[in-house]
1. What is the one condition in (1) modelled with pLDDT under 80; (2) acidic (Asp, Glu); (3) exposed (fewer than 11 other Cβ atoms within 10 Å of the Cβ) that residue 11 does not satisfy?
2. Could you list, in sequence order, all residues of region 121-138 that are outside any helix (DSSP H, G or I) and either touching a Phe, Trp or Tyr at 6+ places or on another chain (Cβ under 9 Å) or modelled with pLDDT under 95 (or both)?
3. Within region 88-106, is even one residue farther than 27 Å from residue 59 by Cβ and assigned to a loop (DSSP other than H, G, I, E, B)?
4. Is region 182-191 home to any residue that is more than 30 Å from residue 72 (Cα to Cα) and either in contact with a Lys or Arg (Cβ under 8 Å, 6 or more places away or on another chain) or of a type in the set (D, E, K, R) (or both)?
5. Just checking, how many residues over region 32-55 are without any contact (Cβ under 8 Å) to a residue 24 or more places away in the chain and either among the aromatic types (Phe, Trp, Tyr) or on the phi > 0 side of the Ramachandran plot (or both)?
6. Within region 167-187, how many residues are in contact (Cβ under 8 Å) with a residue 24 or more places away in the chain and either of a type outside the set (A, V, I, L, M) or outside any loop (DSSP other than H, G, I, E, B) (or both)?
7. So, in region 56-115, how many residues would count as being among the polar types (S, T, N, Q), farther than 17 Å from residue 39 by Cβ and free of Cβ contacts under 8 Å to residues at least 24 places away in the same chain?
Amino acid sequence: MKEQISILVEDNTAWQRGFAETKMNHNVKYPSLYQINTRVWLTELSEALGRPATLDDIPDTELDHLAELGFDWIWFLSVWTTGEKSRRISLENPEWRHEFEQTLHNLKDEDIGGSGFAIADYHVHPNLGGDEALKRLRTKLNNRGLRLMLDFVPNHMGPDHPWVQDHPEYFISGAEEDIKNNPQNYTRVNLKESEKIFAYGILISQDGETPCNWIIAIPPPLKQ
């Protein structure tokens with residue numbers, strides 16, 4: 001995992017270099033950013049193609065259009081690998097399912113993918129085409145003068161992440177009293193030789209607090 005963190009730090013440095021290059025090469029004082037919900041977009045493409053779509057299936061005409069609109073950065077949201085455990089949390093939460101049904105009236109179980117921030121591994125999800133597909137997409141964007149942005153929230157982890165088993169001490173834990181009084185904010189996780197209670201992340205907005213299906217990790221590098 002240290003190698004993963006190192007790679008991500010290097011990527012962040014590359015992002016900063018890219019930002020500077022964008023300002024220098026395009027004379028952009030305030031670069032503009034266009035965010036794409038990757039999984040939603042690929043779901044729509046899948047329906048149009050009649051088969052599962054990956055990042056390789058994004059039409060060149062769509063990328064041309066983004067460049068013509070004058071954007072500098074394209075943020076592909078939630079491309080990382082997530083696992084079945086976090087998806088199952090979303091499937092089994094009745095309140096969330098009700099909200100999903102309000103958005104998609106013909107909702108099916110396969111439509112529920114779980115949170116894109118319940119990270120199981122910092123590699124591109126195989127269903128999206130994997131790391132190589134993302135590299136090819138980045139090349140296509142760069143050829144059009146566009147920069148690629150990805151989200152990296154180092155303390156958001158799914159219950160499938162290897163740290164859960166290998167380093168449970170990284171996570172914010174709770175007690176029986178916590179899960180009894182606030183079951184929406186905690187979850188039980190089976191470890192190799194025991195069971196732990198971990199705290200869910202909470203999304204805070206003007207509408208109040210909403211528990212999420214990712215758990216909070218604070219690895220040593222983030223404590224320094």
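1. Only one criterion is unmet by residue 11, namely (3).
2. Residues satisfying the conditions are 121, 122, 123, 124, 125.
3. Yes, because at least one residue in region 88-106 is farther than 27 Å from residue 59 by Cβ and assigned to a loop (DSSP other than H, G, I, E, B).
4. There is at least one residue in region 182-191 that is more than 30 Å from residue 72 (Cα to Cα) and either in contact with a Lys or Arg (Cβ under 8 Å, 6 or more places away or on another chain) or of a type in the set (D, E, K, R) (or both).
5. Residues in region 32-55 being without any contact (Cβ under 8 Å) to a residue 24 or more places away in the chain and either among the aromatic types (Phe, Trp, Tyr) or on the phi > 0 side of the Ramachandran plot (or both): 2 in total.
6. So the answer is 9.
7. 3
The values are calculated or read from the model by the stated rules, or taken from the named source; none is laboratory data. Here the structure is a predicted model, which means the values were calculated and not measured. Here the Cβ is made from the backbone with ideal geometry for all residues, glycine too, and neighbour counts use every protein chain on show.
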